[in-house]
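**Q** This is the structure, below, for whatever I ask next.
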Amino acid sequence: MPYYKDTSGRTHFLDDASHAYLLPAGCVAITDAEGHALEVPGPVPLKVQAAAALDKSDATMLRCVEAGILAPAAWNTYRKALRAIANGTDTVSAALPVMPAYPAGT
């Protein structure tokens with residue numbers, strides 16, 4: 001089951017359950033049906049999209065660490081832009097930044 005729910009009710013999705021330790025404390029696995037039911041219908045606010053993309057990018061950073069590879073500058077820039085959108089310091093972006101290619105060796 002790739003869906004998890006944290007103590008505030010926010011859902012998280014992991015492509016790889018072996019990275020569950022990246023989830024916030026108190027997360028519990030939920031069924032796919034429960035995960036789909038909790039998804040918000042309609043347009044998803046850009047801040048929410050950015051937070052989700054940032055969460056997903058954590059797995060890429062972890063793979064870099066595990067492989068002993070420094071995070072490429074493009075990934076640092078991408079994550080910084082996502083963080084600014086997610087926390088509201090970037091109020092002018094109308095779309096998420098383009099995700100860079102996965103780092104070689106990850």
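**Q** When only alpha-carbon atoms are used, what values of Rg and Dmax, in angstrom, describe the chain?
**A** Computed over the Cα atoms of the chain, radius of gyration and Dmax are 14.6, 40 Å.
**Q** Would you list which lysines come within 17 Å of LYS80, measuring only between C-alpha atoms, while excluding same-chain residues fewer than 8 positions from it?
**A** LYS47, LYS56
**Q** What does the net charge come to around ALA73 if you take all other residues with beta carbon closer than 14 Å to its beta carbon, with K and R at +1 and D and E at -1?
**A** +2
**Q** Using the basic label-point model (7 angstrom from Cα toward the beta carbon), what is the ASP15 to TYR102 distance in nanometres?
**A** Inter-label distance under the simple model: 0.5 nm.
**Q** Something else about it: State to the nearest 20 debye the size of the charge dipole of the chain about its Cα centre, where the only charges are +1 on K and R beta carbons and -1 on D and E beta carbons.
**A** For this selection, approximately 360 debye.
**Q** Moving on to the next point. At 7 Å along Cα-to-Cβ for each site, give me the label-to-label distance between VAL28 and MET61 in nm.
**A** Each label point is offset 7 Å from its Cα along the Cβ direction, giving 2.8 nm.
**Q** While we're looking at this one, here's another question. Mean residue ellipticity at 222 nm from the helices of the chain, using -39,500 (n - 2.57) per DSSP H segment of n ≥ 4 over the full residue count, to the nearest 500 deg cm²/dmol?
**A** -13500 deg cm²/dmol
Laboratory data are not the source of any read-out in this text; all were calculated from the coordinates shown. It should be emphasised that the depicted structure is a prediction, and the values quoted were computed from it without experimental measurement. All Cβ positions, glycine included, derive from the backbone under ideal geometry; neighbour counts span all protein chains shown.
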